[in-house]
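Enquirer: Here it is: the structure, laid out below.
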Amino acid sequence: SLLKAPEYLATISFVTDTDKPEGSNMSAYAGLAAKFGLDLGMGNGGNDLFAGANIFDLMGTRLMLQNTLLTPVEIEGKRDLLINKFIEVDGLKRKWRNKPFHTGLTFALYSSTLTRSKNNVIAEICKLIRKKHLSFPDKGKSSNDLTLMSVNFLSKNEQLSDLFLTNLVNNVARYYVNTTTSRARANLTVLTRQLDSVRAQL
């Protein structure tokens with residue numbers, strides 16, 4: 001314990017609800033709706049991005065990790081991006097001394113521009129997170145056994161572990177909402193167009 005720095009493990013447990021009705025009758029309705037160009041979201045649950053163990057793969061994608069790293073948070077009394085805190089806690093600047101294109105690289109708040117060097121840094125950090133920091137205790141289980149799932153984040157800073165994992169789960173949830181609502185919006189547009197067509201015929 002004298003030689004090894006303390007590490008802090010944050011854990012969040014959650015349940016996914018894909019809201020897919022079951023039964024042959026609902027499948028028949030889905031097939032009928034498909035003929036009119038509508039997607040009721042009642043297909044095979046195994047192909048659903050948010051079903052079962054698929055959610056773990058989504059959490060580990062570059063998109064979700066990057067969005068989380070570039071999230072502004074309150075850390076130790078000041079507003080900063082999570083990526084800057086991660087670089088500091090992991091001592092990456094010291095490890096990057098022999099990489100000239102990383103020297104003096106900083107991520108500023110509210111800056112949407114990502115240079116090639118910043119993209120390279122984010123890619124390296126995402127790979128490091130997947131390898132050493134982010135873990136899914138339930139990933140090896142069968143999809144049928146996944147009623148309550150957990151995700152862990154390990155770091156040498158208590159606040160970083162808490163903030164990173166909380167924001168990662170929030171980003172995934174936000175992505176889920178945006179994806180499902182955009183699908184519903186597309187279906188509503190089709191229905192409205194067909195309703196207008198029927199009304200014109202009548």
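Enquirer: Pulled fully out, how much extra length does the chain show between Lys78 and Leu2, if you take 0.36 nm times their separation in residues and subtract their Cα-Cα distance?
Expert: Working: separation 76, 0.36 × 76 = 27.36 nm, distance 3.03 nm.
Length difference between fully extended and current span is 24.3 nm.
Enquirer: Also, quick follow-up: Any idea what the dipole of the stretch 74-190 comes to, in debye rounded to 20, about its Cα centre with Lys/Arg Cβ at +1 and Asp/Glu Cβ at -1?
Expert: Details: 20 positive and 10 negative charges, 119 e Å.
Computed about the Cα centre, the dipole is about 580 debye.
Enquirer: Shifting gears a bit: Considering only protein heavy atoms and a 1.4 Å probe, what is the carbon-and-sulfur percentage of the accessible area of the stretch 77-202? The partial results should precede the final answer.
Expert: Numbers: 4130 of 8020 Å².
Accessible surface attributable to carbon and sulfur in the stretch 77-202 totals 52 percent.
Enquirer: Give, in nm to one decimal, the length gained when the segment between Arg174 and Glu158 is fully stretched (0.36 nm per residue of separation minus the Cα-Cα distance). Working shown, then result.
Expert: On the way: separation 16, 0.36 × 16 = 5.76 nm, distance 2.45 nm.
Full extension from Arg174 to Glu158 adds 3.3 nm.
Enquirer: Provide the gained length on full extension for the span Thr11 to Leu148, in nm with one decimal, where the gain is 0.36 nm per separating residue minus the Cα-Cα distance. Mind dumping the intermediate values first?
Expert: Numbers: separation 137, 0.36 × 137 = 49.32 nm, distance 1.26 nm.
Additional length available on full extension: 48.1 nm.
Enquirer: Cut-off 15 Å, label point 7 angstrom out along Cα-to-Cβ of Ser111: give me the residues of the stretch 58-80 whose amide nitrogen falls inside.
Expert: 70-72, 80
The values are calculated or read from the model by the stated rules, or taken from the named source; none is laboratory data. Everything quoted here is computed from the prediction, not taken from an experiment. We place every Cβ from the backbone using ideal geometry, glycine too, and count neighbours over all the protein chains shown. Heavy atoms of the whole protein, side chains included, go into the accessibility calculation; ligands, DNA and RNA do not. Shrake-Rupley method; radii C 1.70, N 1.55, O 1.52, S 1.80 Å.
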